[in-house]
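Okay, structure first, notes after.
The values are calculated or read from the model by the stated rules, or taken from the named source; none is laboratory data. The structure presented is a predicted model; accordingly, all values stated were derived computationally and were not measured. Please note: Cβ atoms are built from the backbone with ideal geometry, for glycine as well, and neighbour counts cover all protein chains shown.
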Amino acid sequence: MEMTQKTTVQDGTGDAAAPRGELPDAQAVADSSRPELGSVELELAGVNKVYQARRGRVEALRDVNLSIRRGEFVSLVGRSGCGKTTLLRILSGLLPPSSGSVTANGQSIWRGASRNDEALKQVGLVFQEANLFPWFTIAENIGLPLKLRGVDRKARAERAEELCDLVGLRGFEGAYPRELSGGMRQRAAIARALSARPSILLMDEPFGALDALTRDKMNLELQSIHAATGATVVFVTHSISEAVFLADRVVLLTPRPGRIRSVTSVSLDRPRSADTEASAEFQQIVRGLRVELDEES
Amino acid sequence: MGEREGVGRLLPWISSPILLLLFLGVWQFAVSVVGVSEFILPAPVKVGESLVGMLDDPATWAHVRVTLFEVLLGFAIALLVGTALGAVLGRMVWLERAVQPAMVAFQVVPKVALVPIFVIWFGFGMTSKIVMAVILAFFPIMLNVLLGVRSVDRGHRDVMRGLGASRWATFRDLELPSTLPYIFAGAEVGIVFAVIGAIVGEFLGGSEGLGYLVVSSLNSLDAPTLFAVIVILAVLGSLLYLAVTTAKRLVIPWHDSVAKQ
Ligand SMILES: Nc1ncnc2c1ncn2[C@@H]1O[C@H](COP(=O)(O)OP(=O)(O)O)[C@@H](O)[C@H]1O
Ligand SMILES: [Mg+2]
């Protein structure tokens, strides 16, 4: 049975970008609960990043090539320090790449070192910390992206209510962030990222600070949010099982310099559940990735 | 748990009157039983009588108004200038570095010693007292704001940058609200210092204000009046401080320093 397709990238010259023909299209169509994968939405080509640190140059990313299709869920995994955050910050307009091109639906995110705000309007961001503003209520936090776009107060409140429903925060619209648990704050952060209806959701270890039980629950919910919104998701984690559980494709990064080592397609049926994790296929994929990760060191 | 919280909230309202009564009791005891001289420590009752007499006298209220005016104006100027300078220095690290030695030098100078100079420059009227209040209140406010501007959370900044927020929106929704708690922390110290500045100014020169009343009752060896003025000063200072903390509660109800109480 062919359930994983793997593209191993050699020496940065191989094209890790979109093994398009290899995507499990047939299964995607067969499974009605998952959004159909569309055209290329996010594209990284020849992306390099060098930090000029006080102690010298740090080559954080070397020749990263990747294309991600609309509605696809891509997990980025790798050891700490392999450049996951760097890659996500480049995608989210927070950090300019040293070279290479990054496009969202054909629009460049970076023009040299200056960001293209227009292209970034399609992007929503979730960090490891919820980063909610303590002076805003949950609804106000969720409505912040809309406020910055000049959407009026009433429409913001309505959207916040809608999103509170989606992420399971109904009734907490008027609460302040400090009144919420860590998991609830992270839900609010996800709702905030979704409020301006971005087509791309970038998440940097969003559940990394949560306990294991809450984390499992959040993963299930993220899966249904993904299904409900049809957003393209790039999800950074250092947990291989979390990465496999959520993703259509798992991108494995290796450190010093950070580059793509392999791209693994995961065609497990959706919606996935605790049963999925118990399945032999799931465990086989996870094991394969673990071995790969161990090999590198 | 709710009950315990309720008791915690009420506790100061119960304990404070008890502490006050205890204080008055010890005071009365020292006078009538231990026999401390009336010159040194007048009986609470005498002070009370003197206080009532003073409160009936419109002249006292004129003095209160003078001191209050000096304190409030001095505090307002200190708040404005301190916030503005703190914000500028907080943003420009090089400028802060350049002026830091001068600031430290100015901070170490016992500023009370400057009062005679201010009297020479600004006369015996209210101006010299206001200047003193400004100078004392200004530093804690400026230093707090400087710290506040520097401590805007990096994660919060990333959120605003990620959303492509404009300069103005970043100020309105992030920098101002995250600096407000620091402004209030400075203001709480500043209002106390402004009172000190005005009173000390009145001690050393002039003919009006509560500080002047202290000195004049001392000169006429009128201990009950002296103590009564001190009571008025204590009440005035407390009310001003209360006004600042109340403003804080209203403006930043979300902040830990407010919410945890
Ligand atoms: N601002 C920076 N200056 C210098 N080096 C950095 C900076 N940020 C990250 N690095 C380095 O770049 C590499 C990748 O970091 P990062 O992207 O944070 O990795 P990850 O998120 O996978 O843990 C690390 O070696 C890290 O030390
Ligand atoms: Mg990271």
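Can you say whether A:Ser98 is away from every other protein chain (no Cβ under 11 Å), within 16 Å of ligand 1 (Cβ to nearest atom), surrounded by fewer than 22 Cβ atoms within 10 Å (Cβ to Cβ) and over 14 Å from B:Arg161 (Cα atoms), as far as the supplied structure shows?
Numbers: away from every other protein chain (no Cβ under 11 Å): yes; within 16 Å of ligand 1 (Cβ to nearest atom): yes; surrounded by fewer than 22 Cβ atoms within 10 Å (Cβ to Cβ): yes; over 14 Å from B:Arg161 (Cα atoms): yes.
In short, yes.
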Exercise. Does any residue in the range B:239-252 that is within 14 Å of another protein chain (Cβ to nearest Cβ) come within less than 9 Å, Cβ to Cβ, of a residue that is in a loop (DSSP other than H, G, I, E, B) and surrounded by 13 or more Cβ atoms within 10 Å (Cβ to Cβ) six or more places away or on a different chain, and which pairs are these?
Worked result: B:Lys248/B:His255; B:Ile252/A:Trp135
Exercise. Pick from the range A:114-158 the residues that are among the aliphatic types (A, V, I, L, M) and facing chain B (nearest Cβ under 9 Å): which of them is farthest from the chain's Cα centre (by Cα)?
Worked result: A:Leu148
For this session: Kindly list the number of the only condition in (1) in contact with a Pro (Cβ under 9 Å, 6 or more places away or on another chain); (2) surrounded by fewer than 16 Cβ atoms within 10 Å (Cβ to Cβ); (3) of a type outside the set (Asp, Glu) that fails for A:Arg149.
Result: (1)
Exercise. Out of the range A:50-65, which residues are free of Cβ contacts under 8 Å to residues at least 60 places away in the same chain and part of a strand (DSSP E or B)?
Worked result: A:Val50, A:Tyr51, A:Gln52, A:Ala53, A:Gly56, A:Arg57, A:Val58
Problem set entry | Number of the exception - B:Val152 against (1) part of a helix (DSSP H, G or I); (2) buried (at least 16 other Cβ atoms within 10 Å of the Cβ) | (1)
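Table: residues versus (1) assigned to a loop (DSSP other than H, G, I, E, B); (2) surrounded by fewer than 23 Cβ atoms within 10 Å (Cβ to Cβ); (3) β-branched (Val, Ile, Thr); (4) modelled with pLDDT under 90.
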position: B:Ala84; (1), (2), (3), (4): no, yes, no, no
position: B:Val88; (1), (2), (3), (4): no, yes, yes, no
position: B:Leu114; (1), (2), (3), (4): no, yes, no, yes
position: B:Trp121; (1), (2), (3), (4): no, yes, no, no
position: B:Met132; (1), (2), (3), (4): no, no, no, no
position: B:Ile141; (1), (2), (3), (4): no, no, yes, no
position: B:Arg157; (1), (2), (3), (4): no, yes, no, no
Exercise. Residues in the range A:189-233 that are within 16 Å of ligand 1 (Cβ to nearest atom) and either within 14 Å of another protein chain (Cβ to nearest Cβ) or among the small types (Gly, Ala, Ser) (or both): how many?
Worked result: 7
Seminar exercise, completed: Filtering strands (runs of 3 or more DSSP E) wholly in the range A:183-297 for at least 3 residues that are within 13 Å of the chain's Cα centre (by Cα) and surrounded by 23 or more Cβ atoms within 10 Å (Cβ to Cβ) gives A:200-204, A:232-237, A:249-254
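So that you can scan it fast, the table gives a plain yes or no per residue for (1) in contact with a Gly (Cβ under 7 Å, 6 or more places away or on another chain); (2) among the small types (Gly, Ala, Ser); (3) within 16 Å of ligand 2 (Cβ to nearest atom):
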residue	(1), (2), (3)
A:Pro198	yes, no, no
A:Leu210	yes, no, yes
A:Leu213	no, no, no
A:Glu221	yes, no, no
For this session: Determine which single condition A:Ser67 fails, assuming it passes every other condition in (1) within 12 Å of ligand 1 (Cβ to nearest atom); (2) of a type outside the set (A, V, I, L, M, F, W, C); (3) farther than 14 Å from A:Thr237 by Cα.
Result: (1)
Exercise. Of (1) crowded, with 18+ Cβ neighbours inside 10 Å; (2) in a helix (DSSP H, G or I), A:Glu118 satisfies all except one. Which?
Worked result: (1)
Problem set entry | Failed condition for B:Val31, given (1) of a type in the set (Val, Ile, Thr); (2) modelled with pLDDT of 90 or more; (3) outside the structural domain of B:Ile230 (by TED's automatic domain parsing) | (2)
